[in-house]
Amino acid sequence: MYNISEADKKWVDEIWAKIDSKLRTVAPLNKDKIPYTTVDGVYNDMAKEDITWWTNGFWPGMMWLMYVGTKNEMYKEVAENAEKMLDAAFEEYDHLHHDVGFMWHISSGVNYRLFGGKKSRVRTSIAADMLASRYNSSGKYIRAWNEDKVGWVIIDCMMNIPLLYWASEEYKDPRFKYIAMNHADTVMKTHIRPDGSVNHIVDLDPVTGEPKEAFGGQGYELGSSWSRGQAWAIYGYVISYIHTGKQEYLDTAKRVAHYFIANVCDDWLPKADFRCPDEPVIYDSTAGACTACGLLEIARLVPEHEKKLYLNAAMNLLKAMEKNFCNWTEEEQSILQMGTEAYFCRPQGKHAAIIYGDYYFIEAIYKLKGFDMLFW
Ligand code: GLY
């Protein structure tokens, strides 16, 4: 349990109650959908639009967080329904990618860990095998995307590899863990810069694993610092530390966290990129929510006198975002607003409700409530 003040405990309790109250209405209304964003306040349906879309695990994941936190069976039913709908994605094999970790680890993976069902184990195992099969054993990395992107490695994959730690533990077979660790070791050299900022995309030589070219990706430009990329690194490396005990992973998570904390605006509202022109101001709430989760894990793991830095930063981020970016009204089905897909993106993807913003915001509050089942 986190050592927070009585006032902060009260705030956490209030926010958890508001989340539960909102989702008790919203979840059944959307039980036959897999949402990504809202249009005029109503969730869209990726099961119809693109079943292979990388975010399709977050809705069931959110439902599982709420089930674990409340034991309300309705959340379990909605999560299980989405998990079944996701089966159609396996039929679209050619369009799947490294984000099978995001898609199945927190959907069927959590279901299996909670209830041990055979179907959920099979789904999660297929996803782990798919992810492992993307490993390049010469270059020592997991390729992100398909077609000619043979050497493209993106920082986001640090949140996919926890699925491989699960597979190693489940099958008592270390090869999945070695793949995950080799990938994490490569990315520490190729993506994490000495100052704690992070490259989004690096194209690696498929034979030597040496970097050939970096790209700005979803950030402002080459050499800038896409804040969600920082978030993937912070949370991804701390999870790798939890599963392996390798100190360098915790140190890396801390270094990127220090960079994030130093760069987040004075008001704790995260911009989409930390190295971009002052105008226009583009926020990305999803980066703040995911970073808060990473900071809360770091706070659990560091010695007593270090904890405060990470815990306070997580609380500051969450409170600032709750005050400025959350919508608790009935007119809007999502909670956290002001997410941004990429610095340069379609208008609908800027300052929008994005499902993983809600997912990580809820996960952070879940952690602060003291629920300790790690979803990753
Ligand atoms: N994984 C893609 C993104 O973070 O937008």
Next on the checklist: I'd like to know if the stretch 92-109 contains one or more residues that are assigned to a helix (DSSP H, G or I), of a type in the set (F, W, Y) and under 21 Å from the mean Cα position of the chain (by Cα).
Outcome noted: yes
Checklist entry - Counting residues that are of a type in the set (A, V, I, L, M) and more than 16 Å from the ligand (Cβ to nearest atom), which helices (runs of 4 or more DSSP H) fully inside the stretch 152-256 reach at least 3? => result 175-190
Item to check | Pairs, first in contact (Cβ under 8 Å) with a residue 12 or more places away in the chain in the stretch 22-45, second in a loop (DSSP other than H, G, I, E, B) and of a type in the set (K, R), C-beta under 9 Å, six or more apart | outcome: Y43/K33; D45/K33
Next on the checklist: Of all residues being closer than 13 Å to I362 by Cα and β-branched (V, I, T) in the stretch 274-321, which is nearest to the ligand (Cβ to nearest atom)? Just the residue, please.
Outcome noted: T286
Next on the checklist: Being surrounded by 19 or more Cβ atoms within 10 Å (Cβ to Cβ) and more than 16 Å from the ligand (Cβ to nearest atom): is that true of G109 here?
Outcome noted: yes
Checklist entry - Which condition breaks for C290 when tested against (1) outside any helix (DSSP H, G or I); (2) touching a Lys or Arg at 6+ places or on another chain (Cβ under 8 Å)? => result (1)
Next on the checklist: So in the stretch 346-364, with the set limited to residues that are surrounded by fewer than 24 Cβ atoms within 10 Å (Cβ to Cβ) and over 12 Å from D284 (Cα atoms), which one is nearest to the ligand (Cβ to nearest atom)?
Outcome noted: R346
Checklist entry - Somewhere in the stretch 322-335, is a residue away from the ligand (no atom under 16 Å from the Cβ) and under 21 Å from D156 (Cα atoms)? => result no
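Listed here are the residues, each with its yes/no results for (1) within 16 Å of the ligand (Cβ to nearest atom); (2) at pLDDT 95 or above; (3) among the basic types (K, R).
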residue: K10; (1), (2), (3): no, yes, yes
residue: A17; (1), (2), (3): no, yes, no
residue: V39; (1), (2), (3): no, yes, no
residue: M46; (1), (2), (3): yes, yes, no
residue: E73; (1), (2), (3): no, yes, no
residue: M85; (1), (2), (3): no, yes, no
residue: E92; (1), (2), (3): no, yes, no
Item to check | Residue that is among the basic types (K, R) and in contact (Cβ under 8 Å) with a residue 40 or more places away in the chain, where the choices are K254, K323 | outcome: K254
Checklist entry - Are there any pairs with C-beta distances below 6 angstrom linking a residue in the stretch 150-179 that is acidic (D, E) to a residue that is within 16 Å of the ligand (Cβ to nearest atom), with the two at least 6 apart or on different chains, and if so which? => result D156/W232
Item to check | Residues of the stretch 128-140 satisfying the condition of being within 16 Å of the ligand (Cβ to nearest atom) and crowded, with 22+ Cβ neighbours inside 10 Å | outcome: L131
Checklist outcome for this item: Of the listed residues (E330, E322), the one being of a type outside the set (S, T, Y), closer than 26 Å to N30 by Cα, surrounded by fewer than 17 Cβ atoms within 10 Å (Cβ to Cβ) and more than 15 Å from the chain's Cα centre (by Cα) is E330
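The values are calculated or read from the model by the stated rules, or taken from the named source; none is laboratory data. Please read these numbers as outputs of a predicted model, since none were measured by experiment. Glycine gets a Cβ as well: all are built from the backbone with ideal geometry, and neighbour counts include every protein chain shown.
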